[in-house]
Amino acid sequence: MQKTTNKTPFLPKMYCSIFGHDYQVTKKVTYYVKEYTCSHCKKQLTTNSNGNLIELTPKFKEINAILERIHEKRIQRSKMKTITSSIY
Ligand SMILES: [Zn+2]
């Protein structure tokens with residue numbers, strides 16, 4: 001039995017070690033913090049508070065989820081402000 005697949009002959013990780021990771025933004029947490037995933041090996045990165053890219057560990061996922069919630073609230077509040085300021 002031979003399977004016909006269109007997959008690259010490289011293992012994703014091997015591909016990345018040769019050509020480098022191909023990170024794509026998968027999530028915008030705040031204006032400054034984003035989450036990235038490598039399209040080949042699915043390695044995930046995030047921006048930390050210093051603006052450096054670091055590996056997205058479960059702990060950072062948790063932090064980002066909290067940041068996201070705060071960020072959303074802030075946007076909603078600023079929207080409310082513009083609405084009320086346009087009324088008065
Ligand atoms: Zn990769």
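A Förster radius of 30 Å combined with the Cβ-Cβ distance from Ser39 to Thr82 puts the calculated FRET efficiency at roughly 0.20.
Dipole orientation for the chain: of the candidates Asn48, Tyr36, Ser78, Ser78 has the Cα lying most toward the positive pole (charges on Cβ; Lys, Arg +1; Asp, Glu -1). Taking 29 Å as the limit for the C-alpha separation, the pairs Lys59/Lys81; Lys13/Lys61; Lys13/Lys73; Lys27/Lys81 exceed it in the case of Lys59/Lys81; Lys13/Lys73. Built from the Cα atoms of segment 12-87, the convex hull projects on average onto 6.0 nm², one quarter of its surface area.
Computed from point charges on the beta carbon alone (+1 for Lys and Arg, -1 for Asp and Glu), the dipole magnitude for segment 12-87 about its Cα centre is near 300 Debye. Note on Asn50/Thr26: beta-carbon distance plugged into 1/(1 + (r/R0)^6) with R0 of 22 Å gives a FRET efficiency of 0.60.
Placing a label point 7 Å from the Cα of Lys13 along the Cα-to-Cβ direction, none of the residues of segment 30-46 has a backbone N under 11 Å of that point. Taking the 0 to 90 degree range and rounding to the nearest ten, how far is the long axis of helix 58-87 tilted relative to the main principal axis of the chain, both from C-alpha atoms? Around 40 degrees separate the two axes.
Only helices enter this figure: runs of n ≥ 4 DSSP H residues, each worth -39500 (n - 2.57), summed and divided by the residues of the chain, yield -14500 deg cm²/dmol at 222 nm to the nearest 500. Between His40 and Asp22, the built amide H atoms are under 5 Å apart, and every one of these is 5 or more places off in sequence or on another chain.
Taking a sphere under 13 Å around the Cβ of Glu62 and counting the other residues whose Cβ falls inside, with K and R at +1 and D and E at -1, yields a net charge of +1.
The numbers here are math on the coordinates, done by the rules we state, and not lab data. Owing to the predicted nature of the structure, the values given are computational and were not obtained by experimental measurement. Cβ coordinates were reconstructed from backbone atoms using ideal geometry, including for glycine residues, and neighbour counts include every protein chain displayed.
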